[in-house]
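A quick write-up on the structure given underneath.
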Amino acid sequence: MKTTNKIAIFVFADTESMEGLGRIVNALEAAKEFKDEDMRLYFDGTGTKWPAELAKEDHIAHKLYESVNGKIMGACSFCAAAFGATESVRKARVQLVSEFDDHISIRQLLSEGFQILNF
């Protein structure tokens, strides 16, 4: 009997460094690997700056980002505001999530049986 994983991938990496680029690529690769399962991709913290960057067609990770587009569940509303990314998240057509104190609810994900991966 095949089991289906429940995976929530969080991107916290900033857009300001090569290390951040490496982390977003690894997050997107993981998302692509779990794409056919119950997987959700979220942008949190400084990671809320990534949707605007990845939406650019000339970005090195744009095609990888597009390959998981249907699995992007949103960006933390509080963090997007804190890091000046609210408008850019909206322009990238990523939903702002404010389930618990304007943040993504980790408790809800855990109660639904999701494993959480952070990048």
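Annotations for the structure displayed:
- For segment 87-119, a residue qualifies if it is without any contact (Cβ under 8 Å) to a residue 24 or more places away in the chain and assigned to a helix (DSSP H, G or I), and the qualifying residues are E87, R90, I106, R107, Q108, L110, S111.
- Any helices (runs of 4 or more DSSP H) falling wholly within segment 1-78 and containing at least 3 residues that are under 18 Å from K91 (Cβ atoms): 50-54, 62-67
- Some residue of segment 85-94 being more than 23 Å from N26 (Cβ to Cβ) and not charged (D, E, K, R): yes
- Residue match in segment 51-58 (condition: over 24 Å from E99 (Cβ atoms), touching a residue at least 12 places away in the same chain (Cβ under 8 Å) and over 12 Å from the mean Cα position of the chain (by Cα)): yes
- All positions within segment 11-25 that are touching a residue at least 60 places away in the same chain (Cβ under 8 Å) and within 13 Å of Y65 (Cβ to Cβ): V11, I24
- Tabulated pairs, segment 29-42, first closer than 13 Å to F114 by Cβ, second part of a loop (DSSP other than H, G, I, E, B), C-beta under 7 angstrom, 6+ apart or interchain: F34/N5; E37/T4; E37/N5; D38/T4; D38/N5; L41/V68; Y42/I104
Taken together, the values in this text are just the output of simple stated rules run on the coordinates, not laboratory data. This is a predicted model, so every value here is computed, not measured. Reconstructed Cβ throughout: ideal geometry from the backbone, glycine too, with neighbour counts over all protein chains shown.
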